[in-house]
Amino acid sequence: MKVIESPLKGCYILEPITYEDERGLFYESYHKDRFDKSIGENVDFVQDNVSISKKGVLRGLHYQKGDSAQAKLVHVVKGEVLDVIVDLRKGSPSFGKHFKMRLSDENRTSIFIPKGMAHGFLALTDDVIFSYKCDALYNPKSEAGILYSDPALDINWEMAEEELILSKKDLKLPLLKELEL
C-alpha cells in the first residue's frame, strides 16, 4: 500500500496494490499492522458502517465531539464520490481548511481521517456504496456538523446546487464560526 499525507496533517491517502488477471482483481483494503506502521500510530477500529446513496446525495459535514470523537478510514466499494475533509483542530496550521478528492471503485483509494476533522461526501454516481471504519462507537449525543455551503470553507462541490440532495438535519447545521470547539 502506498501512503501519502494529504495537505491536512495526519490525514492520509492510501492507495492499495492491485493484482489483476483474466479472473478479475484482488486488493487488500485494510491490514491493521501495515496500516498502523504506515501512519505511525495504533488505531483500533471498533465499528464498520456502510451507506448507499443515489447520485446527488450529499452527506455531511459530520463529526463527533469530545470523548466520542472518531478517526475514520473511508473507502468506496461501488461508484464514485467527492470526499471532503475539514480540519477542526484548534491550533492546527490547517484549521478551517479543507481537502477533497474523488474516491471510486476504480481508483480503490481510501482516506484516513484523524479525530478532530469533519467529513462529508457527495455521490457522483447512482448506487454509491460507501464504507467506513471508526475507532469509536457512534454516540448520538456527541454528533455535530458544519453546513456544507459555509462561505468560510469555500468548498466547490462540483455539482449544481439544485442537483444536491441533503437531509433536513444537514441543511440546518451551523457555520464554522458558530462552533464551540
*Of all residues in the range 1-25, count the ones that are over 15 Å from the mean Cα position of the chain (by Cα), assigned to a loop (DSSP other than H, G, I, E, B) and under 18 Å from PRO114 (Cβ atoms).*
1
*Can you pull out the residues in the range 38-86 that are over 25 Å from VAL128 (Cα atoms) and either acidic (Asp, Glu) or assigned to a strand (DSSP E or B) (or both)?*
GLU41, ASP44, ASP67
*Of everything in the range 52-75 that's among the small types (Gly, Ala, Ser) and over 12 Å from the mean Cα position of the chain (by Cα), which residue is surrounded by the fewest Cβ atoms within 10 Å (Cβ to Cβ)?*
GLY66
*Select from the range 30-51 the residues that are among the aliphatic types (A, V, I, L, M) and over 13 Å from the mean Cα position of the chain (by Cα) and write down the one among them that is surrounded by the most Cβ atoms within 10 Å (Cβ to Cβ).*
ILE39
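For SER6, state whether it is surrounded by 12 or more Cβ atoms within 10 Å (Cβ to Cβ), farther than 17 Å from ILE129 by Cα and modelled with pLDDT under 95.
Considered against the rule, which asks whether it is surrounded by 12 or more Cβ atoms within 10 Å (Cβ to Cβ), farther than 17 Å from ILE129 by Cα and modelled with pLDDT under 95, SER6 comes out as no.
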*Qualifying positions in the range 112-124 - more than 13 Å from ASP83 (Cα to Cα) and touching a Gly at 6+ places or on another chain (Cβ under 6 Å)*: PRO114
*Which condition number in (1) in a loop (DSSP other than H, G, I, E, B); (2) at pLDDT 95 or above; (3) surrounded by fewer than 23 Cβ atoms within 10 Å (Cβ to Cβ) is the one that HIS119 fails?*
(1)
*asked:* Here are the criteria: (1) in contact with a strand residue (DSSP E or B) (Cβ under 9 Å, 6 or more places away or on another chain); (2) farther than 15 Å from SER6 by Cβ; (3) not in a strand (DSSP E or B). Tell me which single one ARG89 does not satisfy.
replied: (2)
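Quick check on this structure: which one of TYR138, TYR132 is out of contact with any Asp or Glu (no Cβ under 6 Å at 6 or more places or on another chain) and part of a loop (DSSP other than H, G, I, E, B)?
Of TYR138, TYR132, the one residue that is out of contact with any Asp or Glu (no Cβ under 6 Å at 6 or more places or on another chain) and part of a loop (DSSP other than H, G, I, E, B) is TYR138.
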_Go through the range 101-110 and report how many residues are part of a strand (DSSP E or B) and either buried (at least 21 other Cβ atoms within 10 Å of the Cβ) or of a type in the set (Asp, Glu) (or both)._
2
_Looking at the structure I just gave you, is PRO16 at pLDDT 90 or above, closer than 14 Å to HIS75 by Cα and not polar (S, T, N, Q)?_
yes
*What is the residue count in the range 11-57 for residues that are more than 16 Å from ASP105 (Cβ to Cβ), touching a strand residue (DSSP E or B) at 6+ places or on another chain (Cβ under 8 Å) and of a type in the set (Gly, Ala, Ser)?*
2
*Consider only pairs whose beta carbons are under 8 Å apart and that are at least six residues apart or on different chains; among these, list those whose first residue lies in the range 68-84 and is on the phi < 0 side of the Ramachandran plot and whose second residue is crowded, with 21+ Cβ neighbours inside 10 Å and acidic (Asp, Glu).*
VAL74/ASP83
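The values are calculated or read from the model by the stated rules, or taken from the named source; none is laboratory data. Note that this is a predicted model, so its numbers are computed, not measured. Methodologically, a virtual Cβ is constructed for each residue, glycine included, from the backbone with ideal geometry; neighbour enumeration extends over all protein chains shown.
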